[in-house]
Amino acid sequence: MENAAPRPESAPEPSRVLTFALGGIVAVLLALAVFHGGGSGDSTMPVTGTAAIVAAVFFVVLALRGALPMPQLDRFGVACVVGIGLLAVWAGVSIGWSIAGDASWSWLNRGLVYLAFVVVGVAIGALKGGSRCLAGILAVVIGAALVWALLGVAIPSLFADGDRAARLREPVGHWTALSLLADAGIVLALWLMGIGKRLPVLGALLAYVSVVALLLTQSRAGLLAGIAMVAVALYLERDRLDRAVRLLLAALPGVVVGVWAFTRDALVDDGVGREVRVDDGRLFAVAVILGALVTLALSQLISVEKLVTHRRSEVIRTLRVVVIAVALVGLGGLIVEVGNPVTWATNQVNGGECSNDPGRLAELCDNNRLAWWGEAIEIARAHPVAGTGAGTFGIARLRVRDDSTQVTEPHSVPLQVLADLGLVGFALLGLVVVSVVVSARRAIGRSRGDDRGAVVVLAIVALGYGLHALVDYDADFLAVTGPALVVVGALIATGRPLRRLSGGGTATLLTAAAGVAVVMSLLLPPLASRAVDETYRMLGSDLQAAASSARSARQLNPLGLEPVIAQASVADIAGDTSRARELYEEAAAKQPENPAGWLELALFLYISEPADLCGAYHAYNEAYTLDPKSSRWQKGGSLDVARAAVNDGACE
């Protein structure tokens, strides 16, 4: 491991006012990412992504003007930043061969935003005490998000579908992503438990809330990742026995509340009536408050430090008994429930879909992941070097899928990159992973005193993200990937010597111009989508305005199908069938590997007056070839009708 490197006198730390301001900017950005990440889509990317770009440009401009010293990254830190940047660039380059250029453009934008999060992390990691500041910000933001999530259980009407869906997922948008934040909350709580006299109490409350939230996400991957993260945290912790006892005292009330919640169908099952869910929500609120009070009491009344110091051997034995007892109770419950656990496990490991209810926690099914992973590998074999284009797995898999299940990602970030960006993208991802691992190890080695605990917990947060990303599509979620990349940036910068940059006005202007260009790239697709929506809204009242909106959408997003189809719809409504056909054919030709364009063309030809069943059959057949397992291919449907017409001489 590296020794702590001296910071050159020529690059003093920034003023306390500037440091406080930078910390505030990072806090606002992380809160925006977690609370306004928008699930796995791009709906909030213009807002949150723009905020990340602006923050990164601001930090770089400060550095170029000499106001903010920047760290001298070692070769692994440089490799990490360059690797993430090249992944974004490669996603953009893939537009040239992508089977869906607009999807690849979206991933170029996402990659640039993620690079901005790394830059923000580098800026805060370079500050004196930056790792502690970042860990504290994460603890506050994640704690607030988990409290908000639990509040949605107590008051179902807080969330759009809270009366219907029970699994905890807001404000992130998905339960597995929220479970990863809960995992991070637990290890951040472990860190807080070792600081001062008051913070251990806050750490206990954070651990309690995180455990309850983790259980109610009903995420098996999140549960396993959390166990692994806690195990690593305790292994690296010098006072691991003290932390283990404190965590146990905080987690037990959380487990009790969580287990009780699983006995109330209205709290954990979907589709339960509103009245029952509201009533049980009130009971849940009381249970959570009582559990928090018990956690507070245990943290105040039990002197863990004295207990560990004077009765160390007894504490160790007690912890062993607790672990063994939990394992035996779990095994006994499993045997009672399913009989022979070996036979059950053998039968459970299958390629089917898990039930979306609490019973899934006792299932070993892969929830279709083996099938999706196999599809990703099959796509990669067909396009080994460059893939099918960033963000295109959902389209590319249609040709090779075995059923009509809809999914846009293979639920594994490495396989997602392999299928979309080929071996080149996979190698770049490998470079980033290796660089992060080495940088985290070196950051821990460089840290001293109070900083070490914060650096360790940040490294574990990054580790947890990496483990979870192996079996899920975390890269789609700004709410978890943004914070993880800020952590990565901080790790590669922590403890590195500082230097002042000497960029002039030209460099500042170029940086600002690059930021503006990226923000424009973020804004154009949603503006195009809005113009498409306006087109359809105006179709029945003002065709001229609808045509203008469709043209604007086409100019804003020249890579997408929707603007072209919107133009075709306007021409069709206006009675210009030849122009409409020309546009539908253009849409099909724009993305010939995407069945969506062919289906639009086929439907237009099928319902035209007079119908062109020969042309419709050709378009339907193209769509069928690209997606043979689609549920739309029903016996006696439009494809069969068109085929019969062709057999009867429609093409003669």
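For the chain, relative contact order (Cα pairs under 8 Å, six or more residues apart, normalised by length) works out to 22 percent. Solvent exposure of segment 171-271 amounts to 36 Å² per residue of accessible area, where only protein heavy atoms count and the probe is 1.4 Å. Expressed as a whole percent, the accessible surface of segment 578-634 that belongs to carbon and sulfur atoms is 50, based on a 1.4 Å probe. Coupling constants for segment 572-589 follow from the phi torsions by the Karplus curve (6.51 cos²θ - 1.76 cosθ + 1.60, θ = phi - 60°), and in residue order they are 5, 5, 6, x, 8, 5, 5, 5, 4, 5, 4, 6, 5, 5, 5, 4, 5, 6 Hz; glycine and proline get x.
Once the convex hull of all Cα atoms in segment 498-652 is built, its volume per residue stands at 177 Å³. Along each principal axis, taking the top coordinate minus the bottom one, the Cα set of segment 10-139 gives 50, 33, 24 Å in descending order.
Taken over the alpha carbons of segment 220-299 as equal point scatterers, the Debye sum produces base-10 log I(q)/I(0) values at 0.14, 0.15, 0.16 Å⁻¹ of -0.62, -0.69, -0.75. Measuring nothing but how far apart in sequence close Cα pairs (under 8 Å, 6+ apart) lie, relative to its length, segment 504-615 scores a relative contact order of 16 percent.
Counting only protein heavy atoms and a 1.4 Å probe, segment 497-652 has 52 square angstrom of accessible area per residue. The residues His411, His618, sorted by heavy-atom accessible surface at 1.4 Å with ligands and nucleic acids left out, run His618, His411 from largest to smallest.
Sort out for me the Cα centre separation of segment 592-630 from segment 41-55, rounded to whole Å. One Cα centre to the other: 37 Å. Its DSSP H runs of at least 4 residues, each contributing -39,500 (n - 2.57), put the calculated 222 nm mean residue ellipticity of the chain at -23500 deg cm²/dmol, to the nearest 500. So what is the relative contact order for segment 476-562, in percent, with contacts set as C-alpha pairs under 8 Å and at least six apart? Here the relative contact order equals 23 percent.
Label sites at Glu582 and Arg75, each approximated as a point 7 angstrom past Cα along Cα to Cβ, lie 5.9 nm apart. Over all distinct alpha-carbon pairs, what is the Kirkwood Rh of segment 362-446 in angstrom? About 13.9 Å, per the Kirkwood formula over Cα pairs. Backbone phi angles across segment 374-388, fed through the Karplus curve with coefficients 6.51, -1.76 and 1.60 (θ = phi - 60°), yield HN-Hα couplings of x, 5, 4, 5, 5, 5, 5, 5, 6, 9, x, 7, 10, x, 9 Hz in residue order; Gly and Pro are listed as x. Shown for segment 103-186: the carbon plus sulfur share of the solvent-accessible area, taken with all protein chains present and a 1.4 angstrom probe, equals 69%. Tell me whether segment 106-163 comes out rounded, prolate or oblate; compute the Cα gyration tensor, take square roots of the eigenvalues as a ≥ b ≥ c, and use a/c under 1.5 as the rounded threshold. Note, shape of segment 106-163 comes out oblate. The fraction of Cα-Cα pairs per 10 angstrom bin, counted from 0 for the chain, comes to 3, 14, 22, 24, 19, 11, 5, 2, 0, 0 percent, rounded to whole percents.
By the Cα gyration tensor, segment 447-583 has an equivalent ellipsoid whose semi-axes, rounded to whole angstrom, run 49, 22, 10 from largest to smallest.
The values are calculated or read from the model by the stated rules, or taken from the named source; none is laboratory data. Values in this document were obtained by computation on a predicted structure and should not be read as measured data. Heads up, the Cβs are rebuilt from the backbone with ideal geometry, glycines too, and the neighbour counts pull from every protein chain shown. With ligands, DNA and RNA removed, areas are computed over all heavy atoms of the protein, side chains included. Shrake-Rupley method; radii C 1.70, N 1.55, O 1.52, S 1.80 Å.
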